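The numbers here are math on the coordinates, done by the rules we state, and not lab data. Computed from a prediction, not measured in an experiment: that's the story for all the values here. Cβ sites come from the backbone with ideal geometry, for glycine too, and all protein chains shown count toward neighbours.
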């Protein structure tokens, strides 16, 4: 559990560092003028204004959900295989190729249950979902199910493993 928590904290600190650096660099180059500008969002055929800071925080919040799922996925692979390099490699490969595979397979109805079809939560605020019929609440339920399954697998495999060996 401590390994999982430390990886989550490391990932969140990295995300916060990325946010702070991009905000400061963007502010230096563009004199923080964009902060007061509205963000125009298009959802369900309607255009509406959103505060730019609110948009930035929600985008990073959705990124945190994706980050949590990828860290949990990598942790499960690491626990099951006992190989950290394999866990990182498979997770990075699937993180970069998962959305492409979902796009290719989007003609099938079962693809909406695939992890990577649900991790990009900005699809509900910035456009249309990859698979028709998906909603934010559906994706959150699917992600919660994957989260429980990944942690249960990790817990069961770790409990049955020989710690001394």
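As a rough guide to protection, the peptides 53-60, 74-81, 12-19 ranked by mean Cβ packing within 10 Å, highest first, stand as 74-81, 53-60, 12-19. Relative to the current alpha-carbon distance between residue 84 and residue 22, full extension at 0.36 nm per residue lengthens the span by 19.4 nm. Let me make sure I get this right: for the range 25-68, a, b and c are the square roots of the gyration tensor eigenvalues over alpha carbons, sorted descending. Under 1.5 in a/c it's rounded, otherwise prolate if a/b > b/c, else oblate. Which is it? Cα axes put the range 25-68 in the oblate bin. With a ≥ b ≥ c the root eigenvalues of the C-alpha gyration tensor of the range 1-81, is it rounded (a/c under 1.5), prolate (a/b larger than b/c) or oblate? Note, shape of the range 1-81 comes out oblate. Helical content of the chain, expressed as a calculated mean residue ellipticity at 222 nm, amounts to -23000 deg cm²/dmol (DSSP H runs of 4 or more residues, -39,500 (n - 2.57) each, divided by residue number, nearest 500).
Rounded if a/c is under 1.5, else prolate if a/b beats b/c, else oblate: with a ≥ b ≥ c from the C-alpha gyration tensor eigenvalues square-rooted, which is the range 48-165? Prolate shape, in that a/c is at least 1.5 and a/b is the bigger ratio.
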